[in-house]
Amino acid sequence: MGGNRVPLHDGPGLVVVRALYDSTFRGNHLGPGSQVAIFNQLAAAAVDFSLETSNSTLLFQAQAFQMELALREGQLAVAEQWADQFEGIPPLSAMVQLYQPHLTLVKIWLAQDTLESRGRAAELLGLMKQYTDSTHNRFFSIEVLLLLALLHSAEDDETAALARLETALQLANPGGIILPFLDLGPPMANLLRRLRGRGISPEYLGQFIDQILTVFDESAADQHQLRTDGSSSQGLDLVDLLTSREMEVLELLAQRLTNREIAKELTVAVSTVKSHTLSIYAKLDVQGRRQAVDKAREFGLLSPK
């Protein structure tokens with residue numbers, strides 16, 4: 001084996017991949033560049049290990065982990081290429097510990113945000129909901145419900161989105177489970193704020209939302225501090241933070257298009273554009289579209305006027 005390879009000697013390879021996923025992604029933090037390189041190296045080692053042992057189940061898990069990493073780094077094109085190899089839905093495997101690779105496929109399809117990809121996400125989420133309901137797996141039931149909420153939001157069905165979110169909150173509150181919410185980043189934070197703004201009862205669910213949003217705000221503050229401390233490379237940091245779809249929206253914002261015009265241009269729902277713009281504002285630490293465009297131009301993300 002090459003000298004730069006990280007060995008995977010531990011027990012069942014699946015446990016290694018899942019533990020790696022849990023320690024890497026929960027809380028939506030990737031850390032500094034050196035950590036990202038380590039995570040990439042570990043993911044590559046997991047793929048090598050699965051190929052050497054001809055373990056197709058582990059290979060799917062390990063590659064899905066790599067694609068989670070790609071999504072968090074805004075490399076949607078890389079994740080899309082992996083997802084496109086599946087003509088159908090891979091067989092569901094046992095949902096143990098904190099990672100289910102099929103959810104990675106759903107996240108990729110939601111990020112693609114096309115009519116076809118949302119249809120594939122809906123099909124897989126339907127199967128996964130049946131599975132989690134029959135096995136009474138609370139953790140994955142919450143994750144499936146949250147992804148369904150984001151799917152409904154992308155389809156401009158606010159009522160269904162908030163209903164799914166409320167059900168997930170009811171499941172998560174007794175155990176104080178907040179990691180699945182944090183895992184879905186700014187779009188989930190925006191959805192939580194919309195539900196809180198509408199009012200929710202009983203009040204303890206509202207307090208639970210406040211608790212989750214506080215962690216989101218602390219996470220955003222930490223990321224802002226990291227960007228401030230590394231101001232010399234801030235432009236590069238912002239590129240890494242924004243997804244390819246968010247960059248598309250940002251470019252159309254620079255053309256002074258309305259949300260409705262952007263939605264028509266990208267063939268998505270208006271609510272989806274709103275979610276993308278709110279995510280852009282949060283990542284760029286700005287209050288509106290003009291500030292977002294100005295800051296993007298300042299750091300070379302957009303061409304000058």
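The values are calculated or read from the model by the stated rules, or taken from the named source; none is laboratory data. If you're wondering where the values come from, they're calculated on a predicted model, not measured in any experiment. Cβ placement follows ideal geometry from the backbone for every residue including glycine, while neighbour counts extend to all protein chains displayed.
Quick notes
- Within the range 175-220, being on the phi > 0 side of the Ramachandran plot and either over 19 Å from the mean Cα position of the chain (by Cα) or surrounded by fewer than 16 Cβ atoms within 10 Å (Cβ to Cβ) (or both) holds for Gly176, Gly199.
- The residue of the range 117-146 that is surrounded by the fewest Cβ atoms within 10 Å (Cβ to Cβ), among those that are of a type in the set (D, E, K, R) and closer than 15 Å to Pro180 by Cα, is Arg138.
- Note on the range 286-305: residues that are out of contact with any Lys or Arg (no Cβ under 8 Å at 6 or more places or on another chain) and either under 17 Å from Pro186 (Cβ atoms) or of a type in the set (Lys, Arg) (or both) total 8.
- Of residues in the range 254-269 being within 17 Å of Asp156 (Cα to Cα) and among the small types (Gly, Ala, Ser), the one surrounded by the fewest Cβ atoms within 10 Å (Cβ to Cβ): Ala269
Residue-by-condition table, conditions (1) at pLDDT 80 or above; (2) surrounded by fewer than 16 Cβ atoms within 10 Å (Cβ to Cβ):
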| site | (1), (2) |
| --- | --- |
| Arg245 | yes, no |
| Ser271 | no, no |
| Ser275 | no, no |
| Gln287 | no, yes |
| Ala296 | yes, no |
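- Filter result for Glu68 (at pLDDT below 85, charged (D, E, K, R) and not in a helix (DSSP H, G or I)): no
- Among (1) under 16 Å from Asp294 (Cβ atoms); (2) in a helix (DSSP H, G or I), the one test that Thr272 misses: (1)
- Within the range 139-164, the set of residues being in contact (Cβ under 8 Å) with a residue 24 or more places away in the chain and farther than 15 Å from Leu110 by Cβ comprises Phe139, Phe140, Ser141, Ile142, Glu158, Leu162.
- For the range 50-65, the candidate set comprises residues that are in contact (Cβ under 8 Å) with a residue 24 or more places away in the chain and part of a loop (DSSP other than H, G, I, E, B); within that set, the residue that is surrounded by the most Cβ atoms within 10 Å (Cβ to Cβ) is Asn55.
- Among the residues of the range 160-181, the one identified as at pLDDT below 95 and within 30 Å of Lys264 (Cα to Cα) is Phe181.
- Pairing residues of the range 189-208 that are among the hydroxyl-bearing types (Ser, Thr, Tyr) with residues that are modelled with pLDDT of 95 or more and surrounded by fewer than 11 Cβ atoms within 10 Å (Cβ to Cβ), at Cβ distances under 7 Å and at least 6 apart in sequence or on separate chains, gives no pairs at all.
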